[in-house]
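Here is the structure we will look at.
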Amino acid sequence: MKPLFGYGVALHNGRALIGNKGSAQRLDYGLVGDLINSAARVESLTKHYGVLFLITREAFAKLSQPPATRLIDKVVVKGKTLPLELLEVRHPFGPLNFEEIAARYNIAFTAYEEGDFATEEQKFVAIRDEEKDAHSALMADRCRELIEDPPRDWNGIYELRTK
């Protein structure tokens, strides 16, 4: 399912600076820090993955009552070097059988992480076709790409080339 309004919701956690910045002639109140850039990248990834609500592992770990989630991906976003674990949060406008889709997806993703791209492409295609899961379609395409151009040192973390 594609986000309803172009982008979904994204949560990330870390340290940032907030306050006035600038000079005596012009002050601007705002946020600065690597966290802000990473959070913006995660928000834009909701559209890329076709999900309504993403949360990073860092933010998820801080929740006192964690919602139902599925691990979507482990990626290094463009311009960064540290990987992010992205989780899709069950959303009221999402599929009613979220847990079932998540369980099937997690099995395929675990083998994908181990580098079994050919087998897992078929599993992602099945989830895409049976459940109309946009992210499984993306992962099937990615598996095809990785089969055609296998990574040298695969560690299960995909490097995104676009913002």
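The residue pairs whose first member lies in region 18-38 and is closer than 26 Å to Val77 by Cβ, whose second member is surrounded by 11 or more Cβ atoms within 10 Å (Cβ to Cβ) and among the charged types (D, E, K, R), and whose beta carbons are closer than 7 Å, counting only pairs six or more residues apart or on different chains, are Asp28/Lys21; Gly30/Lys21; Val32/Lys21; Ser38/Lys80. Scanning region 61-77 turns up no residue that is among the hydrophobic types (A, V, I, L, M, F, W, C), open to solvent by 10 Å² or more (accessible area, probe 1.4 Å), in contact with an Asp or Glu (Cβ under 7 Å, 6 or more places away or on another chain) and over 25 Å from Val9 (Cα atoms). Only one entry in Asp141, Asp129 is under 30 Å from Leu35 (Cα atoms) and either crowded, with 20+ Cβ neighbours inside 10 Å or of a type outside the set (Val, Ile, Thr) (or both), namely Asp141. Answer with yes or no whether Tyr105 is free of Cβ contacts under 8 Å to residues at least 60 places away in the same chain, buried (at least 17 other Cβ atoms within 10 Å of the Cβ) and closer than 28 Å to Ser38 by Cβ. In short, yes.
When region 34-55 is filtered for residues that are open to solvent by 40 Å² or more (accessible area, probe 1.4 Å), touching a strand residue (DSSP E or B) at 6+ places or on another chain (Cβ under 8 Å) and of a type outside the set (A, V, I, L, M, F, W, C), the ones remaining, listed by number, are Glu43, Lys47. The set of residues in region 84-102 that are open to solvent by less than 60 Å² (accessible area, probe 1.4 Å) and either assigned to a loop (DSSP other than H, G, I, E, B) or closer than 23 Å to Glu114 by Cβ (or both) comprises Leu84, Glu85, Leu86, Leu87, Glu88, His91, Gly94, Pro95, Asn97, Ile101, Ala102.
The values are calculated or read from the model by the stated rules, or taken from the named source; none is laboratory data. Because the structure is a prediction, the values reported are computed rather than measured. Here the Cβ is made from the backbone with ideal geometry for all residues, glycine too, and neighbour counts use every protein chain on show. Surface areas here come from the heavy atoms of the whole protein model, side chains and all, with no ligands, DNA or RNA. Shrake-Rupley method; radii C 1.70, N 1.55, O 1.52, S 1.80 Å.
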